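Participant: What follows is a single structure, and I will ask about it in a moment.
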Amino acid sequence: GFRKDGSMVHWMVMTSPVMNEKGEIVAAMEINLDITQRILLEKALEDSEKKYHDIFNNIPSCVFVLDYDTLKILDINESVTTVYGFSRPELLSRSFMSLFLPEERERYEREIRYMEIISRVKNMRLSGESFCVTIRVSPSEYPGQKVLLVITTDITKRLETEKQLIQAGKMATLGEMASGIAHELNQPLSVIKTAA
């Protein structure tokens, strides 16, 4: 309803019949409780949760929420499905370690609990293709339990670009050396030609 000033108010109304000795309803008792503040808090909480979910799902990096003890995936953002190729139901309750190469799982299972950043780790997509990621780990709380927030960033293209830059640098150095050698050979040859 509305107050006299036009602002909205929420009421919880409970009514109960009042009966006479013959069992006939002769009156009604009504209790009104103003629950406006509770409704406003519930709305604020709902808006806050929506904002959190919107931010969580639109982060460009892959975000995993893992059970601290078992490393089971409790939640993921939308980027995970795009980068890894798995659907949300396929990943939830699955071990995070299943995304690693089989021969590296044991090593990284220890490191994930004790390191904040792990660089150049191979992960696997649904297709079986491996790719390099940087992993950032942060302990946190998730409704009533201890969890690890894990953010993975695909660095495969960056590593390929770095390789190409290193190769281009080697070729430039080789070209400079060849040019220097040619210059060193041309000097005495010019003297010999002139003398001849």
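The values are calculated or read from the model by the stated rules, or taken from the named source; none is laboratory data. It should be emphasised that the depicted structure is a prediction, and the values quoted were computed from it without experimental measurement. With ideal geometry, Cβ positions are generated from the backbone for all residues, glycine too; neighbour counts draw on all protein chains shown. Accessible surface is based on the protein model in full, side chains and every heavy atom, while ligands, DNA and RNA are left aside. Shrake-Rupley method; radii C 1.70, N 1.55, O 1.52, S 1.80 Å.
Participant: Residue 37 is checked against (1) of a type outside the set (Lys, Arg); (2) surrounded by 10 or more Cβ atoms within 10 Å (Cβ to Cβ); (3) closer than 30 Å to residue 142 by Cβ and fails just one. What number does that condition carry?
Facilitator: So the condition that residue 37 fails would be (2).
Participant: Sort out which residues of segment 70-109 are open to solvent by 50 Å² or more (accessible area, probe 1.4 Å) and more than 22 Å from residue 57 (Cα to Cα), and write them in order of number.
Facilitator: 70, 102, 103, 105, 106, 107, 109
Participant: For segment 82-105, which residues satisfy the criterion of being in contact with a strand residue (DSSP E or B) (Cβ under 9 Å, 6 or more places away or on another chain) and among the hydroxyl-bearing types (Ser, Thr, Tyr)?
Facilitator: 82, 84, 93, 95, 98
Participant: Would you mind stating whether residue 67 is under 27 Å from the mean Cα position of the chain (by Cα) and either surrounded by 14 or more Cβ atoms within 10 Å (Cβ to Cβ) or at pLDDT 90 or above (or both)?
Facilitator: Yes, satisfied.
Residue by residue, here is whether (1) at negative phi; (2) open to solvent by less than 40 Å² (accessible area, probe 1.4 Å); (3) more than 16 Å from the chain's Cα centre (by Cα) holds:
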{"residue": "3", "(1), (2), (3)": "yes, no, yes"}
{"residue": "9", "(1), (2), (3)": "yes, yes, yes"}
{"residue": "12", "(1), (2), (3)": "yes, no, yes"}
{"residue": "17", "(1), (2), (3)": "yes, no, yes"}
{"residue": "25", "(1), (2), (3)": "yes, no, yes"}
{"residue": "52", "(1), (2), (3)": "yes, no, no"}
{"residue": "58", "(1), (2), (3)": "yes, no, no"}
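Participant: Residues 47, 75: which one is in contact (Cβ under 8 Å) with a residue 40 or more places away in the chain and of a type in the set (Asp, Glu)?
Facilitator: Being in contact (Cβ under 8 Å) with a residue 40 or more places away in the chain and of a type in the set (Asp, Glu) holds for just one of 47, 75, which is 75.
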